[in-house]
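First the structure, in the form of structure tokens, and then the observations on it.
The values are calculated or read from the model by the stated rules, or taken from the named source; none is laboratory data. None of the values given here were measured: they were computed from a predicted structure. So basically every Cβ, Gly included, is an ideal-geometry build from the backbone, and we count neighbours across all protein chains shown. Heavy atoms of the whole protein, side chains included, go into the accessibility calculation; ligands, DNA and RNA do not. Shrake-Rupley method; radii C 1.70, N 1.55, O 1.52, S 1.80 Å.
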Amino acid sequence: MEDLSFYIGVIGNVISVLVFLSPAGIFWRIIKHKSTENFESLPYICTLLNSSLWTYYGITKPEEYLVATVNGFGILVEAIYVTLFFIYAPSKQIRCKTAALVGILDVAFLATAILVTRLALQGELRIDALGFICAGLNVIMYASPLSAMKTVVTTKSVEYMPFFLSFFLFLNGGIWAFYALLVGDIFLGVPNGAGFVLGTAQLVLYAIYRNAKPSKNVANALEEGTQHEPLISPS
């Protein structure tokens, strides 16, 4: 059983890396155009926080090094994404907003979580507290594409719900939920089980609406150049 959980964890790491790298096309476009245009930094700031907390969880809990390693990679990738927002933000106001969000979420909140759990809690209580925080953030982030799903139903178009991101989130949620079942980790199992269900729902919607005729709302959005990005959460 330990060998199986290890191999499943390795597969989960590979899929999670693909999820982390899935926005690379967006950032190549940002570099090419030298502007972040209408893209938002919040999804990447939140994912950086999420990866940091899961890395800390993986380091703190015995035998969870696979969780720590993949999220350590996620910290590096998301830090690069956020840095590119600072470099190519089209205005000082957007750079200040990004800096404020990074300061609040990726510095203050993260430092508080680490210090409180490190100084005030010990042993299993520390692990449980970290697990609750990480699982709660993951559920929120996995639920973030619900707005994109609503847009698909409203507009009858999958324009703003990229297939490969939905597919990799479906695989990611499923494989990590299976891994959590094997190692008996409820904090990994609950959010990734929810991610698997939501990923399945997204793929079903994609199958229903991929050939549907878009409504006028889509045409208007395309003309206005509206950009939509789901939060990503590969843990």
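Here are some notes:
- Some residue of the stretch 33-43 being loosely packed, with under 13 Cβ neighbours inside 10 Å and free of Cβ contacts under 8 Å to residues at least 60 places away in the same chain: yes
- Residue in the stretch 103-114 that is closer than 18 Å to L169 by Cα and touching a residue at least 24 places away in the same chain (Cβ under 8 Å) present: no
- Filtered residues of the stretch 184-202 (kept if of a type in the set (A, V, I, L, M) and surrounded by 20 or more Cβ atoms within 10 Å (Cβ to Cβ)): L188, L198
- Qualifying residue in the stretch 161-169 (condition: open to solvent by less than 20 Å² (accessible area, probe 1.4 Å), closer than 22 Å to P43 by Cβ, part of a helix (DSSP H, G or I) and hydroxyl-bearing (S, T, Y)): yes
- Test: residue in the stretch 53-60 that is in contact (Cβ under 8 Å) with a residue 60 or more places away in the chain, farther than 29 Å from F170 by Cα and assigned to a helix (DSSP H, G or I): no
- Filtered residues of the stretch 81-96 (kept if in contact (Cβ under 8 Å) with a residue 24 or more places away in the chain and either part of a helix (DSSP H, G or I) or closer than 14 Å to I26 by Cβ (or both)): Y81, V82, L84, F85, Y88, I94
- Count of residues meeting criterion [polar (S, T, N, Q), within 11 Å of F168 (Cβ to Cβ) and assigned to a helix (DSSP H, G or I)] in the stretch 12-34: 1
- Candidate set: the stretch 115-156, residues that are within 26 Å of L169 (Cα to Cα) and of a type in the set (D, E, K, R); chosen: the one modelled with the highest pLDDT: D128
- Summed over the stretch 70-111, the residues that are of a type in the set (V, I, T), over 15 Å from the mean Cα position of the chain (by Cα) and open to solvent by less than 80 Å² (accessible area, probe 1.4 Å) give a count of 4.
- Pairs, first closer than 19 Å to T55 by Cβ and open to solvent by less than 50 Å² (accessible area, probe 1.4 Å) in the stretch 1-26, second aliphatic (A, V, I, L, M) and not in a helix (DSSP H, G or I), C-beta under 7 Å, six or more apart: V19/I232
- Condition broken by I140, with the remaining ones in (1) under 28 Å from T36 (Cβ atoms); (2) surrounded by 16 or more Cβ atoms within 10 Å (Cβ to Cβ) satisfied: (2)
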